[in-house]
Amino acid sequence: MGKMEMNELSEKVIGACIEVHRHLGPGLLESAYLKCLCRELTLRCIPYQSELPLPVSYKGVDLDCAYRIDLLIDGRLVLELKAIEAVLPVHEAQLLTYMRIGGWKVGLIINFNVSVLKNGITRKVLNLAD
């Protein structure tokens, strides 16, 4: 099976997030949503890496600065999961930093602490030079 378009991949991942939210609702810890979403992605045969270490390269050396990406979907879509009152600019900046460091173009912040999940989704796109 060939690689799906990024929009199709995003839609499938958001569908999986909505399913998790439908079952759990708001109010749990981020770690619970992460584990349940991993299970849902597995059931849907969507490839992912969870809690992926992200080293920072400084003057030719990769340094472990304890950054972890919640989920990297299919090697190209970054997901940051939140269970917070509101997504703030600092959370968006964090996602953009991860995307820049890792060289990924598209990222999603999924805030599960909302009554309707589509209101908890923030999409970011970086225009990286090829």
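All of the numbers you see were taken from the coordinates with simple rules; none came from a lab. Computed from a prediction, not measured in an experiment: that's the story for all the values here. All Cβ positions, even for glycine, are placed from backbone atoms using ideal geometry, and neighbour counts span all protein chains on display.
By the count of neighbouring beta-carbon atoms within 10 Å, fewest first, ASP62, ASP70 end up ordered ASP62, ASP70. Positive contributions from Lys and Arg (+1) and negative ones from Asp and Glu (-1), summed over other residues with Cβ under 10 Å from the Cβ of VAL78, come out at +1. Projecting label points 7 angstrom from Cα along Cα→Cβ for LYS35 and CYS65 puts them 3.0 nm apart. Taking a point 7 angstrom from the Cα of LEU28 along the C-beta vector, which residues in the stretch 103-121 have backbone N less than 18 Å away? It comes to 110-118, 120-121, nothing else.
For the chain, the longest principal axis of the C-alpha atoms and the axis of helix 30-43 are separated by about 80°.
Taken about its Cα centre, the chain carries a charge dipole of about 100 debye when Lys and Arg each add +1 at the Cβ and Asp and Glu each add -1 at the Cβ.
By the rule of a C-alpha distance below 24 Å, with chain neighbours fewer than 8 residues away ignored, the lysines paired with LYS35 are LYS12, LYS82, LYS118, LYS124.
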